[in-house]
1. Would you mind calculating the relative contact order of segment 22-269 from Cα pairs under 8 angstrom and at least 6 residues apart, reporting the percent as a whole number?
2. Amide H to amide H under 5 Å from GLY338: which residues, 5+ apart in sequence or cross-chain, H placed 1.01 Å off N in plane?
3. With +1 on each Lys and Arg Cβ and -1 on each Asp and Glu Cβ, how big is the dipole of the chain about its Cα centre, in debye rounded to the nearest 20?
4. Quick one: which residues, 5 or more positions from ILE161 or on another chain, have an amide H under 5 Å from its amide H? H modelled 1.01 Å from N in the peptide plane, none for Pro or chain starts.
5. Using the Karplus equation 6.51 cos²θ - 1.76 cosθ + 1.60 (θ = phi - 60°), what ³J(HN,Hα) coupling, rounded to whole Hz, does each residue of segment 370-382 give in order, writing x for Gly and Pro?
6. With the full set of protein chains in place, find how many percent of the accessible area of the chain is carbon and sulfur; take the probe as 1.4 Å.
7. Long-range amide H contacts for GLY226: which residues qualify at under 5 Å (H placed 1.01 Å from N, peptide plane, sequence gap of 5 or more or a different chain)?
8. To the nearest 10 Å², what's SER95's accessible area with a 1.4 Å probe?
Amino acid sequence: MLNKEIIAGLKNHRTPFYYYDMDLLRRILDIVRTESKERNYKVHYAVKANFNPVIMKTISGYGFGADCVSGNEVAHSAENGFAPDDIVFAGVGKSDEEIELALNTGISCFNCESVPELLVINDIAGRTGRKAPVALRINPNVEAHTLKHITTGTEENKFGIRLNELGEIAELIPTLKNISFKGLHFHIGSQITETGPYRNLCTRVNEVWEWFSERGYENLNVNVGGGLGINYEEPDTMPPFREYFEIFASHLDSRIRGEISFELGRSLTAMCGTLISRVLYIKEGVSEKFVILDAGFTDLLRPALYQAYHKIENLTSEGERGKYTVAGPICESTDTFGRFVDLPLTQRGDLIGIRSAGAYGESMASRYNLRNLPGAVFSDSL
Ligand SMILES: *Cc1c(COP(=O)(O)O)cnc(C)c1O
């Protein structure tokens with residue numbers, strides 16, 4: 001993937017920057033389009049994973065929809081090739097302004113997370129003379145077996161409507177004149193690499209769908225969310241897309257007639273991105289040898305935020321291997337990408353690649369310490 005020719009082409013760019021392998025992105029999008037179409041499934045791209053316009057336009061070009069979690073993401077998606085009626089809008093804290101913007105954009109669905117939100121959307125829709133398409137985000141109370149900080153589908157959690165609220169909601173909905181009840185939405189978490197949680201999700205989806213079906217809502221759409229994980233240890237291993245869709249094909253109730261949709265973020269964009277950084281200094285510690293990079297957690301937050309693992313490679317050395325602790329320049333001790341990382345002899349000026357960084361990398365960058373935002377370089381324009 002990062003062969004000698006590419007590395008030579010990257011050497012003169014100002015570091016740190018994200019390098020995006022666009023051929024790989026297109027290969028992944030091809031697979032996902034084929035596998036989802038085969039089963040008549042719709043895929044929305046979770047924009048928060050990476051909102052770089054070049055990435056967004058590539059994804060919208062494949063005919064995927066957009067899953068947004070802010071008004072700005074809704075507007076940005078519409079500006080980067082996503083048809084308004086392919087845009088859905090989730091989030092526990094939609095502001096009045098964001099709701100109005102989404103209504104004006106003409107999005108296909110609000111994934112609504114609480115009764116108070118339902119009332120506010122109904123209100124604003126009435127005021128602006130529109131009918132708001134709404135799906136209920138149900139908290140499925142399914143454990144995702146992933147990092148504690150990124151599970152979203154258990155009951156002790158701010159996300160979604162609890163199962164014991166459904167009775168109240170079912171009575172409320174017919175009274176909300178400016179709301180059109182379209183479907184059910186679920187999302188159990190992120191970086192899920194086991195099949196068990198998805199099978200449990202299917203069981204819960206079937207129960208909730210049946211409950212609504214018995215009350216006269218047989219044609220509801222079902223959105224099962226995202227969360228398909230990638231292999232951070234082996235950055236060149238494809239996610240098991242076929243097996244993933246197959247779980248739903250074989251476990252969802254075959255009587256569901258509405259559209260079945262997915263919201264994939266990480267699994268679409270993570271693999272194609274590598275954070276490229278230059279070694280500033282080698283620092284001898286007491287028991288560790290530190291590699292100080294010109295990239296820090298302002299460029300890639302995941303390791304500092306949830307001790308996430310990213311494979312680290314020295315792209316320009318073939319020297320004798322040793323153990324190094326790879327850290328950034330920011331004045332916080334959490335600004336470390338990996339401890340005792342096995343690398344070839346590493347020296348000032350070497351290029352370091354931090355792999356699997358195409359999702360929740362550039363999109364989480366900040367300007368803390370008044371640092372520059374990382375750049376972006378695309379394989380198509382090397
Ligand atoms: C973040 C998010 C996703 C995407 O999650 P991935 O793990 O990146 O696939 C999908 N749906 C909702 C509601 C989200 O918040």
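1. Computed over segment 22-269, the figure is 20 percent.
2. The answer is VAL326.
3. 540
4. Amide H neighbours of ILE161: ARG137, ILE138, ASN139.
5. 6, 7, 6, 6, x, x, 9, 10, 10, 4, 4, 10, 6
6. Numbers: 7990 of 16610 Å².
Ligands and nucleic acids excluded, carbon and sulfur give 48 percent.
7. ILE188, GLY189, GLU263
8. 50
The values are calculated or read from the model by the stated rules, or taken from the named source; none is laboratory data. Keep in mind the model is a prediction, meaning the values are calculated, not measured. Glycine gets a Cβ as well: all are built from the backbone with ideal geometry, and neighbour counts include every protein chain shown. When the accessible area is computed, the model is the full protein with side chains, heavy atoms only, and any ligands, DNA or RNA have been set aside. Shrake-Rupley method; radii C 1.70, N 1.55, O 1.52, S 1.80 Å.
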